[in-house]
1. Given a 1.4 Å probe, how much area per residue of the chain is accessible, in Å²?
2. Quick one: if you stick a label point 7 Å off each Cα along the C-beta vector at residue 48 and residue 168, how many nm between them?
3. Once the cut-off is 14 Å, how many percent of the Cα-Cα pairs in the stretch 109-183 end up in the long-distance tail?
4. With no solvent and one equal point scatterer placed on each C-alpha of the stretch 1-65, evaluate the Debye formula and give log10 I(q)/I(0) for q = 0.20, 0.26, 0.27 Å⁻¹, two decimals.
5. Quick one: which residues, 5 or more positions from residue 59 or on another chain, have an amide H under 5 Å from its amide H? H modelled 1.01 Å from N in the peptide plane, none for Pro or chain starts.
6. Divide by every residue of the chain the summed helix terms, -39500 (n - 2.57) for each DSSP H run of at least 4, and state the resulting mean residue ellipticity at 222 nm, rounded to the nearest 500 deg cm²/dmol.
7. Taking all protein chains in place and a 1.4 Å probe, what share, in percent, of the accessible surface of the chain do carbon and sulfur account for?
8. Measure out, as a whole number of angstrom, how far apart the alpha-carbon centroids of the stretch 109-174 and the stretch 22-66 sit.
Amino acid sequence: MASQQCDGTLSPEAALALQTVLNTKRFDDAPTGGLERAAGGLVEDYPESSRRTPTHSLCRASPASSMDAVKIRFSLHREGDLPGDEHAADMHRYAMGVDALSGPRMADLYVRCVSPRIEGSDKRPARIVGSLIFLRSKLPDTVRIREANLTILHSVTLAVVRKLGCENDAGLPEKPVFKALPG
């Protein structure tokens with residue numbers, strides 16, 4: 001079931017979006033524990049966040065009947081790493097979090113977190129980026145696909161910031177907001 005993928009972090013809307021982008025209702029069994037590993041990795045990496053940190057895989061969701069798969073991972077980024085107007089041509093910007101980009105093969109969601117689990121984040125918020133990446137995808141670049149990708153990534157990112165105890169859910173709304181930005 002889609003709702004059991006990614007450690008159960010998918011909202012009903014995100015589970016439906018995962019079924020849509022992977023074109024299946026049947027998934028391979030997914031390993032568990034990714035939510036705690038990803039959140040714990042971000043906490044451990046924070047002292048080194050002035051440079052690029054490793055990525056922490058939260059999950060890989062794959063249909064039972066094909067080689068397609070979606071990977072979701074998290075890392076800390078430097079302030080200058082925000083994509084702004086400099087992004088791939090098939091990526092579209094959205095007004096969610098600090099920045100959000102989505103395209104037919106990937107999506108990125110940037111947030112800032114102040115958390116009691118992350119020592120020093122009250123003075124320098126942790127800059128977290130969640131990434132959704134397709135291993136194989138021939139999806140068209142449509143609004144429906146971009147919003148489906150962001151719905152999945154928003155749901156999993158919200159679970160991560162809640163696991164970390166980020167103040168105000170790191171600025172993420174309960175439900176994704178799809179306000180496209182120019183550029």
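1. Result: 49 Å² per residue.
2. Roughly 3.1 nm, to one decimal.
3. Beyond 14 Å sits 64 percent of the P(r) for the stretch 109-183.
4. With no solvent term, the Cα-only Debye profile gives -0.77, -1.02, -1.06.
5. HN-HN under 5 Å from residue 59: 72.
6. That calculation yields -8000 deg cm²/dmol at 222 nm.
7. With neighbouring chains kept in place, the figure for the chain is 50 percent.
8. So the separation of the two Cα centres works out to 12 Å.
The values are calculated or read from the model by the stated rules, or taken from the named source; none is laboratory data. Since the structure is predicted, the reported quantities are computational estimates derived from the model, not experimental observations. Cβ atoms come from the backbone with ideal geometry, glycine included; neighbour counts cover every protein chain shown. Areas reflect the complete protein model, heavy atoms only, side chains present, ligands, DNA and RNA absent. Shrake-Rupley method; radii C 1.70, N 1.55, O 1.52, S 1.80 Å.
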